[in-house]
Amino acid sequence: MGLIIDFDLELIEIVKVSLNVSLASTVIAAMIGIPLGFIVSTVEFPFKRGVITLFNTMLALPTVVIGLFVYALISRNSVFGDFELLYTQKAIIIGQIILIIPIVTTFTLSAISRIDARYRKTAMSLGANPFQTSLVVLKEARFAITAAVVAAFGRVISEIGICMMLGGNISGYTRTMTTAMALQYDKGEFVLAIALGIILLCISLAVNVILTYFQGKSSG
Amino acid sequence: MTLYFLKNIRQQYAARTVLDIPELVLDAGRIYTLTGPNGAGKTTLLNILSFLEAPTSGQMTFNSMSVTFNAAAMRQLRKSVILLDQHPILFSTSVYKNMELGLKFRKIPRDKREPIIRTALNMVGMEGFINADARRLSGGETRRVAIARAMACKPAVLLMDEPTADLDIENQLRIESIIRDIHRQSPVTIIFCTHNLVQGDRLTPHHIYLFAGQVRESEHENIFKGEITTKNDRQYCRITEKVLIPIPATDKRDTKISIRPDAVRVADRKNTDPESQMLSGNIIGLSSHKDRVRAIIDAGILLSLSMEKSEYDIRNLRINASVNIEIDPGGVTLF
């Protein structure tokens with residue numbers, strides 16, 4: 001507790017890194033996942049059901065599998081090796097984006113599908129063009145979509161596999177709350193681990209409070 | 001002036017033809033009802049008239065201009081035609097923002113929107129709800145706001161799919177009076193679907209009757225479903241426990257029947273014979289069409305009856321009067 005109250009520098013640095021990468025990956029995943037979910041739900045194309053099944057399957061993708069996959073692509077001797085991404089915050093962000101795009105996409109997809117076809121028809125009859133119609137439907141699903149983004153953030157802030165494998169747990173640079181906790185546990189130093197655990201739980205609580213708020217709005 | 005002219009309009013979904021109209025002319029500034037049984041193609045016709053759906057084939061003119069059924073042209077035409085759904089949708093925001101939407105799509109400047117919105121809400125008696133949350137409104141209020149939202153856009157045509165379905169009598173009458181007011185105050189053409197023939201008659205003498213995707217003469221409006229039964233060597237279609245309609249000979253067991261309104265007659269004789277299948281009922285609606293008078297009779301089922309004006313004058317019929325009615329089996333079609 002003393003660490004939290006005294007704003008221990010190392011602890012603050014760790015929390016900052018965690019929030020940095022998690023927020024960045026959530027924002028980018030939202031920018032890709034929301035339009036993707038919208039397109040999949042509204043546009044008819046061959047193998048649409050297959051694509052939806054694929055996204056649902058990807059919800060269960062283990063973080064270590066993503067870690068391995070991205071590692072194989074960005075390690076020094078691989079395709080993207082020249083970019084020198086391995087053990088950087090960017091690497092963590094890339095892995096986390098892959099982790100949560102399926103969450104944002106499937107949640108957006110189900111939010112849009114729940115919007116009655118009459119919303120689209122009403123907007124069209126009022127004179128909306130296709131873009132305006134899409135905007136009206138997206139607005140109608142805004143609470144459910146925001147809830148999806150908040151849930152995605154909750155997923156990345158608490159994951160460890162990707163941070164460990166792609167970030168490398170470098171102090172002050174890629175050490176996140178979860179990797180720091182694992183390290184402290186290994187060293188048998190529980191004080192910082194518990195302090196980090198408390199902060200992580202507080203962030204999770206805040207995320208859930210926000211999530212509940214938006215879910216309530218969405219169903220009301 | 002002719003507003004819509006439809007020629008050989010057909011709509012097919014997969015192999016099923018849901019609409020097949022050789023010709024239909026609708027004049028500007030009138031109120032029309034669109035009636036017919038479920039599945040007759042009413043909603044499909046409304047979708048085509050509101051340019052939300054392109055027909056499979058056929059030609060159409062709107063305001064004397066030939067209609068091209070491509071997305072851009074239809075979108076342009078939708079600016080002058082608004083369709084109100086049976087259960088209209090208000091978006092989950094304030095009444096004001098809902099009302100503003102159509103104006104925004106029409107690029108009406110922001111400062112000009114409020115007076116238009118206030119006038120439109122005033123027309124439906126909802127001006128006090130301008131800042132209300134649209135999701136908190138009752139069914140009747142939602143429909144009134146939806147009508148105002150449409151009228152704020154000053155459409156040339158207002159199409160409504162069963163505007164009073166599932167509403168209580170008070171709200172039904174209110175919506176009817178709004179429709180009447182709108183029509184009086186603006187040159188808008190109103191086309192609405194209804195199953196309520198009496199309501200249709202109250203609002204307009206212009207009725208379009210659709211049956212199995214085709215525009216028919218109104219003689220097909222008495223449509224019922226029942227089972228065939230034989231009594232005293234004569235065949236009847238039993239619609240309800242008490243209502244038996246005499247029919248031409250058939251070997252069917254269940255059937256749908258339609259009764260021509262002129263085959264439904266007010267009987268001169270009293271219904272003294274308990275074995276007779278004469279029906280008794282009350283007149284609940286009367287309207288005049290050229291040289292004929294149409295009466296709606298509640299005889300356990302709603303029957304539409306058509307008679308010469310001269311006959312109406314002699315019989316001195318009035319609303320709520322009890323009448324005995326006979327049906328000529330020759331005017332009954334089985335299908």
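The values are calculated or read from the model by the stated rules, or taken from the named source; none is laboratory data. Bear in mind the structure is a predicted one, so any value in this text is a computation, not a measurement. All Cβ positions, even for glycine, are placed from backbone atoms using ideal geometry, and neighbour counts span all protein chains on display.
For segment B:121-140, check the following and say yes or no: at least one residue is at the interface with chain A (Cβ under 10 Å from one of its Cβ atoms), without any contact (Cβ under 8 Å) to a residue 60 or more places away in the chain and within 24 Å of B:Arg184 (Cα to Cα). Within segment B:121-140, none of the residues are at the interface with chain A (Cβ under 10 Å from one of its Cβ atoms), without any contact (Cβ under 8 Å) to a residue 60 or more places away in the chain and within 24 Å of B:Arg184 (Cα to Cα).
Condition (residue is part of a helix (DSSP H, G or I), in contact (Cβ under 8 Å) with a residue 60 or more places away in the chain and either out of contact with any Phe, Trp or Tyr (no Cβ under 8 Å at 6 or more places or on another chain) or within 14 Å of another protein chain (Cβ to nearest Cβ) (or both)) applied to segment A:165-177: is it met by at least one residue? Taking every residue of segment A:165-177 in turn, at least one turns out to be part of a helix (DSSP H, G or I), in contact (Cβ under 8 Å) with a residue 60 or more places away in the chain and either out of contact with any Phe, Trp or Tyr (no Cβ under 8 Å at 6 or more places or on another chain) or within 14 Å of another protein chain (Cβ to nearest Cβ) (or both). Taking segment B:58-99 as the range and being among the aromatic types (Phe, Trp, Tyr), farther than 30 Å from B:Gly128 by Cα and in contact (Cβ under 8 Å) with a residue 40 or more places away in the chain as the test, only B:Phe62 passes.
Within segment A:102-126, restricting attention to residues that are more than 14 Å from chain B (Cβ to nearest Cβ) and of a type in the set (S, T, N, Q), the residue that is nearest to B:Leu90 (Cα to Cα) is A:Ser113.
Run down B:Arg110, B:Arg135, B:Arg118 and say which single residue is basic (Lys, Arg) and either touching a Ser or Thr at 6+ places or on another chain (Cβ under 9 Å) or under 27 Å from B:Leu34 (Cβ atoms) (or both).
On the way: B:Arg110 fails: either touching a Ser or Thr at 6+ places or on another chain (Cβ under 9 Å) or under 27 Å from B:Leu34 (Cβ atoms) (or both); B:Arg118 fails: either touching a Ser or Thr at 6+ places or on another chain (Cβ under 9 Å) or under 27 Å from B:Leu34 (Cβ atoms) (or both).
Every option except B:Arg135 fails the conditions.
Of the residues making up segment B:1-58, those that are assigned to a strand (DSSP E or B) and among the aromatic types (Phe, Trp, Tyr) are B:Tyr4, B:Phe5, B:Tyr13, B:Tyr32.
For segment A:70-87, residues that are surrounded by 16 or more Cβ atoms within 10 Å (Cβ to Cβ) and either under 21 Å from A:Ala152 (Cα atoms) or among the acidic types (Asp, Glu) (or both) total 1. In the set A:Glu84, A:Glu140, A:Glu159, only one residue is more than 23 Å from A:Gly197 (Cα to Cα) and modelled with pLDDT of 90 or more; that residue is A:Glu140.
Is it the case, given these coordinates, that B:Ser64 is under 30 Å from A:Ala141 (Cβ atoms), modelled with pLDDT under 95 and in the same structural domain as B:Thr204 (by TED's automatic domain parsing)?
Values: under 30 Å from A:Ala141 (Cβ atoms): no; modelled with pLDDT under 95: yes; in the same structural domain as B:Thr204 (by TED's automatic domain parsing): yes.
Here the answer is no, as B:Ser64 does not meet what is asked.
Against the list (1) within 11 Å of another protein chain (Cβ to nearest Cβ); (2) touching a residue at least 40 places away in the same chain (Cβ under 8 Å); (3) among the polar types (S, T, N, Q), the condition A:Ser158 fails is (1). If the condition is being facing chain A (nearest Cβ under 8 Å), in a loop (DSSP other than H, G, I, E, B) and within 19 Å of B:Phe192 (Cα to Cα), then segment B:65-94 contributes B:Asp85, B:His87, B:Pro88, B:Ile89.
From the list A:Ile103, A:Ile112, which residue is more than 30 Å from B:Leu101 (Cβ to Cβ) and buried (at least 16 other Cβ atoms within 10 Å of the Cβ)?
On the way: A:Ile112 fails: more than 30 Å from B:Leu101 (Cβ to Cβ).
Only one candidate qualifies: A:Ile103.
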